[in-house]
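Asker: This is the structure I have questions about; it appears just below.
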Amino acid sequence: YRALAFHLSPNQPVYGLQAAGLDGGPLGDTTFEAVARRYIQEIRTVQPHGPYQLGGYCLGGTIALEMACQFHAAGEAVELVAMFENYNIKSINWPLPLRSRLLNSFLNLYYHLMNVIEAPAGSRLAFVREKATVEISRAREALRHNWSSVARKVGLPVEGRYRLTVGTAYDNALVDYNIRAYPGKICLFLPRHRFHGFHDRLGGWGKAATGGIDLIDLSSNPRGSLVEPHVRELAAALCDRLHTMPLNADSSPSTM
């Protein structure tokens, strides 16, 4: 979320919440209800009472929704629940059939290419550089994970497997999570195109909020909304919901 935070208002503080286990410590209870409770405890060390503004990308958006439900149940006000490129997997055939998964592997490359082509000429290199850094990091983690699996089988000491373990635990928790209706409104930021199997215009969230869905259609393709230069469109739309002015691209960022 660093690029997104950079483009928000200089008067808008942003706090990040890190999944347990990413630092090599214990995972703990990874059910979304438990994770939301832990995040709420951390938030209250900074802001004991609402109103709160919550948001998350992909499954992080689902956790933000659970946090909003828990805050509401505790009598706290929630001003914003923002979900970025997040889909309700309970509304589709999940896990996706093999045909859809194969097609989405191709679409993933296609959308990355289109995000590069559609970026302003001066921003394309930055987009490619940032995406390449992320993909290389993921590839390294996958190699470490595969090596540790082999090494353990032959009795060799290994370490550093935790990142993929955390990802798998949260993916499984997402499948097990039962979404409940939130007594408020969801701000849903979705790209103009979708992966195969995710056809619902509201991403499957139509019945998840009694206050309705504020759908913001982004011009970027999937997996591009948090990356320069497309993140500027997301930041402007988010600032509109936060009732703040986005940071001018030529200004110096504030310390957050």
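Asker: I need the full set of residues from the range 187-218 which are in a loop (DSSP other than H, G, I, E, B), among the charged types (D, E, K, R) and touching a helix residue (DSSP H, G or I) at 6+ places or on another chain (Cβ under 8 Å), in order please.
Answerer: ASP200 - this is the single residue of the range 187-218 that is in a loop (DSSP other than H, G, I, E, B), among the charged types (D, E, K, R) and touching a helix residue (DSSP H, G or I) at 6+ places or on another chain (Cβ under 8 Å).
Asker: Do the conditions hold for ARG232, that is, is it in contact with a His (Cβ under 8 Å, 6 or more places away or on another chain), part of a loop (DSSP other than H, G, I, E, B) and at pLDDT below 95?
Answerer: So ARG232 fails the test.
Asker: Let me ask something additional. Can you name every residue in the range 232-246 that is without any contact (Cβ under 8 Å) to a residue 60 or more places away in the chain and either crowded, with 17+ Cβ neighbours inside 10 Å or of a type in the set (A, V, I, L, M) (or both)?
Answerer: GLU233, ALA237, listed by residue number.
Asker: Determine the pairs where a residue that is touching a residue at least 60 places away in the same chain (Cβ under 8 Å), located within the range 171-188, has a partner that is in a loop (DSSP other than H, G, I, E, B) and of a type in the set (A, V, I, L, M, F, W, C) with Cβ atoms under 8 Å apart, the partner being 6 or more residues away or on another chain.
Answerer: Qualifying pairs under 8 Å: VAL175/TRP94; ILE179/ALA208; TYR182/ALA208; ILE186/TRP205; ILE186/ALA208; LEU188/LEU202; LEU188/TRP205.
Asker: Could you say whether any residue in the range 97-116 is at pLDDT below 70, over 27 Å from LEU22 (Cα atoms), open to solvent by 40 Å² or more (accessible area, probe 1.4 Å) and aliphatic (A, V, I, L, M)?
Answerer: No, the range 97-116 contains no residue that is at pLDDT below 70, over 27 Å from LEU22 (Cα atoms), open to solvent by 40 Å² or more (accessible area, probe 1.4 Å) and aliphatic (A, V, I, L, M).
The values are calculated or read from the model by the stated rules, or taken from the named source; none is laboratory data. Predicted, not measured: the structure shown is a model, and the values here were computed from it. Here Cβ is always computed from backbone atoms with ideal geometry, including for glycine, and neighbour counts include all displayed protein chains. In case anyone asks, the SASA skips ligands and DNA or RNA and just uses the protein heavy atoms, side chains included. Shrake-Rupley method; radii C 1.70, N 1.55, O 1.52, S 1.80 Å.
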